[in-house]
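Asks: Have a look at this one before I ask anything.
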Amino acid sequence: MKKVLIFLSFALFLACKEQPKGTAETVLSNTTKQDTKPTVNTFGIVIHGGAGTILKENMTPEKEAAYKTKLEEAIKTGHTILKNGGTSLEAVEKTINVLEDSPLFNAGKGAVFTYDEINELDASIMDGSTLNAGAVAGVSVVKNPINLAKEVMLNSPHVMLSGRGAEQFAKERKLEIVDPKYFYTENRMKALKKVKKAPEHPDAKSATSFYDPEIKDSKFGTVGCVALDKHGNLAAGTSTGGMTAKKWNRIGDSPIIGAGTYANNATCAVSSTGWGEYFIRGMVAYDISAMMEYKKISLEEASKEVIQKKLTKLGGTGGIVAIDHQGNIAMEFNTEGMYRATMNANGELTIGIYKE
Ligand code: ASP
């Protein structure tokens, strides 16, 4: 009898023990799947490499070619995954890795410097099929912050980790750790020096206060990716070094779910880039999804309204890339340019930099 009682209490203990988030499979089975599947059997992917004062007259043919080559390499990486039946989540992560590993973009290797001459990186990712999400802020030794965001989503009970704790988690999850010097690039250091030397403008809160594009856009260059896979699932991800000369552990919109990143199978997947403070205040990525959900309007209409009307009215600058559950895409920005690319199920590729 005593033995039976001991056995029963042990079984009860096991049943009541809180389940860790565990593997992706555990998470998926624990989370409600969105029931909206695409009505068309398609897939697609869209990326951005930051928005800002990107003018043809400031660009050399070599620089332009370098950006286009990297955007193409990145989007083809994700497209191949989707074509082979891989998940949108994997496509988003691997595509962003290509951009993070390039010094051209303000994410990973090419991250901008803080005022104190260090790099603090932010990233987030969201799975539209479960509304599960992961984010990290202010990490300085993680080579690919988007991978860490995905780890947070799949293998921790949390949505957002920051600073040293996030780095500790990265080590525990055996992600690639680098010396902080890995993020040093000459160009970003030059940009920081320039921004630090620039006289404080009396109207420094306004984006239009700076006329030197390098200073004016010292806040831009983030990378992002949204994708729809063959299984009808949407995902979005964003990775950034934040704003040049940022102080006080400033965190922008990129790691904030709803501002920098959002995905919901019922509506769309969105990744933002621009002046983060405004994107946080406008909850830009979620607002586009909410407009589609509540107003029953198209992705294109919702994106236009949020970027061209609401964000602009607030004084914010930047843009988004987005894809809906039917594979329709949107690339909306209120700046002079936005590095961007799209690929659809037919393998058609578009690459853009300037305003059309
Ligand atoms: N949104 C980013 C931030 O504010 C910057 C960017 O998009 O380039 O941190």
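Bear in mind that the values in this text are calculations on the coordinates, not laboratory data. Keep in mind the model is a prediction, meaning the values are calculated, not measured. Cβ coordinates were reconstructed from backbone atoms using ideal geometry, including for glycine residues, and neighbour counts include every protein chain displayed.
Asks: Which of Y262, Y67 comes first, and how do the rest follow, when ranked by fewest Cβ neighbours within 10 Å?
Replies: Y67, Y262
Asks: Using packing as a proxy for protection, rank 144-154, 120-130, 75-85 so that the peptide with the highest average count of other Cβ atoms within 10 Å comes first.
Replies: Result, highest mean first: 120-130, 144-154, 75-85.
Asks: While we're looking at this one, here's another question. Over the C-alpha atoms of segment 224-304, what are the Rg and the largest Cα-to-Cα span, Dmax, in Å?
Replies: Every Cα atom of segment 224-304 included, Rg and Dmax give 13.3, 43 Å.
Asks: Using +1 at the Cβ of each Lys and Arg and -1 at the Cβ of each Asp and Glu in segment 212-313, identify which of V226, P255, A266 lies farthest towards the dipole's positive end.
Replies: Positive-end residue among those listed: P255.
Asks: Using only Cα atoms, locate the centre of segment 160-192 and the centre of segment 49-100, then give the distance between them in Å, rounded to an integer.
Replies: Measuring centre to centre over Cα atoms gives 21 Å.
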